[in-house]
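Here it is, the structure, as structure tokens.
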Amino acid sequence: MSEHDHDDHHDHDHHDHGHHHDHDHDHGHDHGHDHQHPPSEPALRVKALESLLVEKGVVDAAALDALVDAYETRIGPRNGARVVAKAWTDPDYRRRLLADATAAIAEFGYSGAQGEHMVVVENTPAVRNLVVCTLCSCYPWPVLGLPPVWYKSAAYRSRAVIDPRGVLADFGVAVPPEVEVRVWDSTAEIRYLVLPERPPGTEHLNEEALAGLVGRNAMIGVGDAARPSEAPAEAPAEVRP
């Protein structure tokens, strides 16, 4: 792991995957992204078509936004929530998940583009994990759906590395000084998923009920799993520049 000035760790320690990258964000480095390329022709065509349909009144912009929000915050993250709930209730599955996340997640049938190589990092009472993509918006689509707007913002991508505790505070998460914060930088090759701590008072719940407590933010690391009396908090925070 590489040590940064904020005393927290920011690294690509891929467990037993045989990779260990120390990198300094003051220097350019290639994550395998096409950062300098303009949007692809299909992406431009989709945007133009969307604008035309909205302009002609064929598609309602608010309805389209609601559909995107559904996939971003509810439908997509349900896959990851099922993985987390399984890990909470099945110690053998948890071990497989931490050892080879790609294979363990594929047991649910979740795989494909943007999720070919997964690593799961576990929150504990002593360690808090936070996921970011510093150069663009690499994100594990098969388990989390579409990336939220704030995840792609320059403010989040830079401050998650420089001031991770401040970013967590923006999301209403206070991290005690004795808890280590580790920042994991997703790339075109590796996507990360946080395994949040299981909330207290959930011993009586089955997997389905437990999955309902796990929201997208908890699996990115900017939130916690909800308690049984709460709903997962998914409201985006304003990440300060």
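How large is ³J(HN,Hα) for each residue in the stretch 222-230, as worked out from phi by the Karplus curve 6.51 cos²θ - 1.76 cosθ + 1.60 (θ = phi - 60°), to whole Hz, x for Gly and Pro?
For the stretch 222-230, the Karplus curve yields 8, x, 10, 5, 6, 6, x, 8, 10 Hz.
Next question, about the same structure. Using the Karplus curve 6.51 cos²θ - 1.76 cosθ + 1.60 with θ = phi - 60°, what ³J(HN,Hα) values do you get for each residue of the stretch 87-94, in whole Hz, with x for Gly and Pro?
5, 5, 9, 10, x, 5, 5, 4
What's the FRET efficiency of Lys56 with Glu116 using the Cβ-Cβ distance as r and R₀ = 41 Å, to the nearest 0.05?
Values: r = 39 Å, r/R0 = 0.94.
With R0 = 41 Å, the Cβ-Cβ based efficiency is 0.60.
Using +1 on the beta carbon of Lys and Arg, -1 on that of Asp and Glu, and nothing else charged, what's the dipole of the stretch 136-241 about the Cα centre, debye to 20?
It works out to roughly 380 debye.
Whole-Hz ³J(HN,Hα) for each residue in the stretch 156-161, computed from phi via Karplus 6.51 cos²θ - 1.76 cosθ + 1.60 with θ = phi - 60°, x for glycine and proline: what do you get?
Those phi angles translate into 5, 5, 8, 6, 4, 8 Hz.
Along the positive direction of the dipole of the stretch 105-219 (beta-carbon charges: Lys, Arg +1; Asp, Glu -1; about the Cα centre), which of Val175, Leu210, Ala126 reaches farthest?
Val175
Next question, about the same structure. Thr134's amide H: which non-local residues (gap 5+, or another chain) put their own amide H closer than 5 Å, with H modeled 1.01 Å from N in plane and none for Pro or chain starts?
Ser186
Taking amide hydrogens as modeled 1.01 Å from N in the peptide plane, which residues meet the under 5 Å criterion relative to Asn129, leaving out close sequence neighbours?
For Asn129, the qualifying residues are Arg182.
Here's a follow-up. How much length, in nm to one decimal, is gained on full extension between Asp90 and Ala209, taken as 0.36 nm per residue of separation minus their Cα-Cα distance?
Gain on stretching Asp90 to Ala209: 41.4 nm.
Just how much of Thr102 is accessible, in Å², when a 1.4 Å probe is used and the result is rounded to the nearest 10?
Its heavy atoms expose roughly 40 Å² to the probe.
Ordering Lys152, Lys56 by how much accessible area each has at a 1.4 Å probe, largest first, what is the list? Intermediate values should be presented prior to the final figure.
Working: Lys152 90, Lys56 140 Å².
Highest to lowest solvent-accessible surface, that is Lys56, Lys152.
The values are calculated or read from the model by the stated rules, or taken from the named source; none is laboratory data. On a predicted model such as this, the values are computed, not experimentally measured, just so you know. Backbone-built Cβ (ideal geometry, glycine too); neighbour counts: all protein chains shown. Note: accessible area is taken over every heavy atom of the protein model, side chains too, but ligands, DNA and RNA are not part of it. Shrake-Rupley method; radii C 1.70, N 1.55, O 1.52, S 1.80 Å.
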